[in-house]
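Notes to accompany the following structure.
The values are calculated or read from the model by the stated rules, or taken from the named source; none is laboratory data. Remember, it's a predicted structure, so these values are computed and weren't measured experimentally. Virtual Cβ from ideal backbone geometry, glycine too; neighbours counted across all protein chains shown. Only protein heavy atoms, including side chains, enter the accessible area calculation; ligands, DNA and RNA are left aside. Shrake-Rupley method; radii C 1.70, N 1.55, O 1.52, S 1.80 Å.
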Amino acid sequence: MNNIEKDKNRTFRFKHNLGQNFLKDKNLLNAIVSDAGIVNGDYVLEIGAGAGALTEVLCQSVGTGRVVAVEIDKTLSCFLSPLMTKFHNFKLVFDDILKVPFDSITDWFDNKSFKVVANLPYYITTPIIFYLLESSLDIESITIMVQQEVADRIIASPNTKDYGAITPILKLYGTAKITRKVNKNLFTPVPKVDSAVVHLDINRREGINIAGVSKFIRNCFSMRRKTLSNNLLQTYQLSREVVEQCCKKANISPGVRAECLSVDDFINLYNCMTLYINH
Ligand code: SAM
């Protein structure tokens, strides 16, 4: 805890360990909601509501829709609970998003699809993106504040230093774009690094085993400095001959590193190797 926010008769201590850097700038809050493509009637899951600044704009924007906010820190109740009286389309849940049963989320939105909007601690943004994508939840889009560095990785091209497993894996689930850069001075307290808003439109690749390909991509990147064939040999305990045959079939040189492959290369290679790796 390092800072104290005083607002009328409410006193709140920021918890550094929960990544509590709040937004206040109205223009930015409106811009994030617009980047998320929120319109009247939308169902929105907000993760990490903080003092409710983004929550308020979301509630105003969904009109006849619904906003459910999940916040882990109950001491924020003094800011968030009044919003339930102010907005009849708002539901507040104090919990760790990673512990909320998926069935409950589905029930909150009456089995309908919904959009996710989140400004979360940096250390859990990537795990939460994967947690949501790998679930069977009916999510239309995810709009999330991430560190600039993570945003650069998300949109990196093959053969660049920023290209890692997250880049092709996200392409299995949809299209990601950076909608805006956010200066660190717009947060209270001010964090160490700048941020960016990333919007992911969910449009899952059809006809492939997404979970299988996603795991395969992670394995291909598991030892970044090794060549693709050495990674595959070790991870799946295969002979060099088998790996080279599969690479040849997929039209990929076994001597390259994973960072040279596009998402289509990974899908091709996975299909050629399924017989050997799924046992
Ligand atoms: N949305 C607010 C804003 O933009 O001002 C707050 C953003 S702050 C960066 C992140 C919020 O996520 C904090 O309020 C924190 O308590 C909450 N949080 C952290 N871990 C969480 C988790 N596992 N589940 C739900 N909320 C979490």
Open item on the list: With of a type in the set (Lys, Arg), touching a residue at least 24 places away in the same chain (Cβ under 8 Å) and assigned to a helix (DSSP H, G or I) as the only criterion, which of ARG204, ARG218 stands out?
Closed with: ARG218
Open item on the list: Quick check on region 189-197. Is at least one of its residues open to solvent by 20 Å² or more (accessible area, probe 1.4 Å), farther than 24 Å from PRO254 by Cβ, within 16 Å of the ligand (Cβ to nearest atom) and of a type in the set (Val, Ile, Thr)?
Closed with: yes
Open item on the list: Looking only at region 49-80, how many residues end up being away from the ligand (no atom under 14 Å from the Cβ), open to solvent by 20 Å² or more (accessible area, probe 1.4 Å) and part of a helix (DSSP H, G or I)?
Closed with: 2
Task: Boolean, SER141 is in contact (Cβ under 8 Å) with a residue 12 or more places away in the chain and assigned to a strand (DSSP E or B) - done: yes
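Pick out the one residue from VAL93, VAL57, VAL33, VAL67 that is without any contact (Cβ under 8 Å) to a residue 40 or more places away in the chain, out of contact with any strand residue (DSSP E or B) (no Cβ under 7 Å at 6 or more places or on another chain) and β-branched (Val, Ile, Thr).
Working: VAL93 fails: out of contact with any strand residue (DSSP E or B) (no Cβ under 7 Å at 6 or more places or on another chain); VAL33 fails: without any contact (Cβ under 8 Å) to a residue 40 or more places away in the chain; VAL67 fails: out of contact with any strand residue (DSSP E or B) (no Cβ under 7 Å at 6 or more places or on another chain).
Unique residue meeting the criteria: VAL57.
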Open item on the list: Give me the residue from region 11-23 that is more than 18 Å from GLN147 (Cα to Cα) and in contact with a Ser or Thr (Cβ under 9 Å, 6 or more places away or on another chain) and, out of that set, nearest to the ligand (Cβ to nearest atom).
Closed with: LYS15
